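Just so it is clear, none of the values below were taken in a lab; they were calculated from the coordinates. The model shown is predicted, which means the values in this text are computed figures rather than measured ones. Heads up, the Cβs are rebuilt from the backbone with ideal geometry, glycines too, and the neighbour counts pull from every protein chain shown.
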Amino acid sequence: MIDINKIRKDFPIYDIQPKLAYLDSAASSLKVRSVIKQVDHYYMSLGVNVHRGAYELAYEATKLYEDARITVSKFIGAQEDEIIFTRGTTSALNLIAHAYKEILKPGDEIITSELEHHSSLLPWMVVAKKTGAKLIYIPLTKEGRITVEGFKSVLTNQTKVVAITHVSNVMGYKTPIEEIARLAHEKEAIVILDAAQSVPHMEVNVKELGVDFLAFSGHKMFGPSGVGVLYGKENLLNSIEPFEFGGEMADQVFKDHATYKEAPLKFEAGTPVISGAIGLAEAIRYIESIGIHEIHEHTHQLHQYTLDKLKNVEGVTIYNPTADNPVIAFNVDDVHPHDIATMLDQYNISVRAGHHCAQLVTKFLGVNSTLRASFHVYNNIADCDTFIDSVKAAKEFFLSF
Ligand code: PMP
């Protein structure tokens, strides 16, 4: 059992906004004090570049940055040189897709799904257009889930890439990725997992999942924005072309060509996101100090509590009552989701309204947009009660016209 009062004190936003009921963690989590302090420490006490200087400050900054890589690698069960710091999930997934522009051929197949966030889908649309490869969608169940059976029905000898989400940011469904990866590897396809929504909520071990590449963002797990991670199997990383070219990634440079360092530096051209990486490592230490299972248990309870109450509110449609992640996609019948979200804001409740950068999901649901309430470790029962009462009040207000 976590001590929620103690946890809320770790998030300085509550000092300024004690009434805040923040239910938009699937978009970005609140930021923890220790992370802010660690980022501050880098800027206040170091502030210099990494990998370059032959002076004490540079050594210290480099050590913090490279230690952050080790912290991340242990957190997801990878090797240190399999961790690339990026700007976020989006840039990590684009990096990989870009590399496959040079590898895929006409007729090759890329398996994806309608559950994808645009950052796991649009890069592959571009790759398909450029190479002549085909985008193939896993048929979803009625509920909207990816299943092994659905995957098997589209897996062929032409499948070269499987690029899917671990957990949907709208529906909160978890993909049975272990079995999917195993089947994909039988066809020698590579598996790229968008783990932006899973890493902040559950234990993720890349070796156990069996994926080839995996991406996530710091800002959804109490870390800074502007930093993310691309995990890649060492041999694969060393066999693909870099995305960006510039400082610190080259080995030898000649007038007409250059050679590159090995991963991870090959993929970190230019000055990297130093403060971001250092902050992300601190965020991981924070998660570990509470325990990812404890976090999961706490948010699961809040999720169930809220779902049970919301189900009893007449005129509310819940699209994902069996979600695995603590996220509720819903609408108030006959009221535009943006109107509800704006009204909830009057009660200090932050929820998201829209297509959540996953338009194929809202299309699958047959709507233009939904509301989304999502929970994390700092939420408490009072947040859930305020939310339910305010949804009821907003509904009454709009339907009274
Ligand atoms: N994939 C999923 C499932 C997401 O939820 C998000 C963030 N909404 C992203 C990718 C993109 O992450 P970022 O904006 O941090 O690059």
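Can you give the relative contact order of the stretch 12-73 as a percent, counting alpha carbon pairs under 8 Å and 6+ residues apart?
Result for the stretch 12-73 is 20 percent.
Each label was represented as a point 7 Å from its Cα along the Cα-to-Cβ direction; for residue 253 and residue 305 these points are 5.7 nm apart.
The residues neighbouring residue 227, those whose beta-carbon lies less than 14 Å from its own, together hold a net charge of +2 under the Lys/Arg +1, Asp/Glu -1 convention. Mean-square fluctuations from a GNM of the chain, with a 10 angstrom spring cutoff on Cα atoms, peak among 162, 253, 48 at 253. Averaging the sequence gap over all C-alpha pairs within less than 8 Å and six or more residues apart, then dividing by the number of residues, gives the chain a relative contact order of 22 percent. For the chain, modelled as a Gaussian network with Cα springs under 10 Å, which listed residue fluctuates most, 13, 190, 164? Top of the fluctuation ranking is 13. Using the average count of surrounding beta-carbon atoms within 10 Å as a protection proxy, the listed peptides 167-180, 375-388, 51-64 rank, highest first, as 167-180, 375-388, 51-64.
Count Lys and Arg as plus one, Asp and Glu as minus one, and take only other residues whose Cβ is under 10 Å from that of residue 251; the net charge is then +1. The lysines within cross-link reach of residue 9, meaning a Cα-to-Cα straight distance under 28 Å and a gap of 8 or more places when in the same chain, are 19, 31, 37, 74, 220, 309.
Can you check what the net charge comes to around residue 120, using other residues whose Cβ is under 12 Å from the Cβ of residue 120 (Lys, Arg +1; Asp, Glu -1)? Here the count lands on -3. Relative to one another, the C-alpha centroids of the stretch 206-251 and the stretch 88-129 are positioned 15 Å apart.
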